[in-house]
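Accompanying notes for the structure given below.
The values are calculated or read from the model by the stated rules, or taken from the named source; none is laboratory data. Predicted model, so just to flag it, every value in this text is computed and none were measured. Note that each Cβ is placed from the backbone with ideal geometry, even for glycine, and that neighbours are counted across all protein chains shown.
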Amino acid sequence: MSGGELVEAVSILFKETPAHSSFDRHNDPIPQYVITLAGVLEFTTVGGETFTIHPGDVLLAVDHTGSGHKWRLTNDEPWKRAYVVFKEGADTRFVPDHKDESVGEPNRSPTVTAAG
């Protein structure tokens, strides 16, 4: 986000999933940020790209159609996260970081990955 502009959120929801859980292919219902607060998970996009999400990572969930994405927790912590929901069609001003090609994963920073 540039210039300190705020983007109005419709809602924010906090959720916790037990360690070692997984969720097979599904879509997100609406555009939203998924902010990981605790836990480490392997995330697979609709296109088959797999990467690891760590605490502090922000994912922009935009796969509303098709087979969707899936995830599984890879450590002994529950996955604690916040869903920040925006109006349909809202400009979230999300700017994904570039991938670190040396490890094949997104960089570690607050705005990491856009899902597709």
Quick one: count up the residues across the stretch 8-39 that are modelled with pLDDT under 85 and either in contact with a Ser or Thr (Cβ under 9 Å, 6 or more places away or on another chain) or in a strand (DSSP E or B) (or both). 8
Selected residue (only one of 36, 44, 50 is without any contact (Cβ under 8 Å) to a residue 60 or more places away in the chain, within 21 Å of residue 7 (Cβ to Cβ) and among the β-branched types (Val, Ile, Thr)): 36
Quick check on my filter: what residues within the stretch 86-116 are of a type in the set (Ser, Thr, Tyr) and either closer than 14 Å to residue 49 by Cα or modelled with pLDDT of 85 or more (or both)? 113
Enumeration of residues in the stretch 16-49 that are of a type in the set (Ser, Thr, Tyr) and surrounded by 19 or more Cβ atoms within 10 Å (Cβ to Cβ): 33, 36
Among (1) at pLDDT 80 or above; (2) part of a loop (DSSP other than H, G, I, E, B), residue 83 falls short only on (2)
Checked 5, 42 against criteria (in a loop (DSSP other than H, G, I, E, B), out of contact with any helix residue (DSSP H, G or I) (no Cβ under 9 Å at 6 or more places or on another chain) and at negative phi); the one match is 5
